[in-house]
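Below is one structure, written out as structure tokens; comments come after it.
The values are calculated or read from the model by the stated rules, or taken from the named source; none is laboratory data. Everything quoted here is computed from the prediction, not taken from an experiment. Glycine also receives a Cβ, built like all others from the backbone with ideal geometry; neighbour counts cover every protein chain displayed. These area figures cover heavy atoms from the full protein model, side chains too; ligands, DNA and RNA do not enter into them. Shrake-Rupley method; radii C 1.70, N 1.55, O 1.52, S 1.80 Å.
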Amino acid sequence: MRILMLGNSLTFANNMPRMLAELTGAEVVHHTRGGARLSEQLNPKTKLGARTQAALTQEHWDYVVLQEMSHGPVSSPERFLSSVEQLCALIRANGAMPVLYATLGYQRGSAALAAKGWDYDAMARGLSEAYRKAAENNHALLAEVGRRFYELSDAQNLYAADGVHPNEEGSRLAAEIIAAVIQKQEEKQRLREGTQ
């Protein structure tokens, strides 16, 4: 199995692609850059976009994981939905299944959240709703990482000191959620093939 991860520091923090590879037994490649938006992955004039476009047209993937810049789905929802739609079309043309890595809101009480003037609950809810809508619109798999972070927010600290990125435990949780979604899809596929 081959998995391509398209995202930014929330994808590559704590070497999360390696964690996903260990959990799934897959070869995991990531095209990431700190602060990257999904629209950059579509732009062949950027270094990242050129690499991604070549990978999606010249290589075979089983799953492609998409992760938008941290607040992109709430601060630029139309741009986010458009980028997901375009990338999902390319991913399906490649014969792969898109997986949306629905990311975490900024940590409750963090300086990052205060700087944006946002409410923790509203940001978490907004991210979750935007990713759910994008998944439904594009028949993509949804790895609800942010929702799980929200559910566990009072019980355990999953954030790095900056209140934006996951700590190692948070990255492991994210990898486990993405792996579980992929493994469930693999099982569905095996059952379908077994009944034909």
**Request:** May I ask you to list the GluC sites (Glu not before Pro) in the stretch 41-149 that are in a DSSP loop and have at most 15 other Cβ atoms within 10 Å of their Cβ?
**Result:** 59
**Fill in**
Bounding extents of the chain in its principal axis frame from Cα atoms, largest first in Å, are 51, 38, 29
**Residue-count net charge about residue 32 - beta-carbon cut-off 11 Å; Lys, Arg +1, Asp, Glu -1** = +1
**Item:** Debye equation applied to the C-alpha atoms of the stretch 157-196, log10 I(q)/I(0) at 0.32 Å⁻¹
**Value:** -0.92
**Prompt:** So what J values fall out for the stretch 163-174 if you push phi through Karplus, 6.51 cos²θ - 1.76 cosθ + 1.60 with θ = phi - 60°, rounded to Hz, Gly and Pro as x?
**Reply:** x, 10, 8, x, 7, 4, 5, x, 5, 5, 4, 4
**Asked** Where does the chain land at 222 nm, in deg cm²/dmol rounded to the nearest 500, when only DSSP H runs of n ≥ 4 count, each adding -39500 (n - 2.57), divided by all residues?
**Response** -17000 deg cm²/dmol
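Find the all-direction average of the projected area of the Cα convex hull for the stretch 33-141, expressing the result in square nanometres with one decimal place.
Average of the hull's projected areas for the stretch 33-141 equals 6.8 nm².
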**Asked** Sorted by accessible area with a 1.4 angstrom probe, largest first, how do 45, 133, 184 fall?
**Response** 45, 184, 133
**Largest-first principal axis extents, alpha carbons of the stretch 1-88, Å** = 35, 28, 21
**Prompt:** If you roll a 1.4 Å probe over the chain with all protein chains in place, what percent of the accessible area is carbon or sulfur?
**Reply:** 49
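Net charge within 10 Å of residue 125 by Cβ-Cβ distance, Lys/Arg positive one each and Asp/Glu negative one each, not counting residue 125 itself?
-2
Can you give me the accessible area per residue for the chain, using a 1.4 Å probe, in Å²? Working shown, then result.
Details: 9090 Å² over 196 residues.
Result: 46 Å² per residue.
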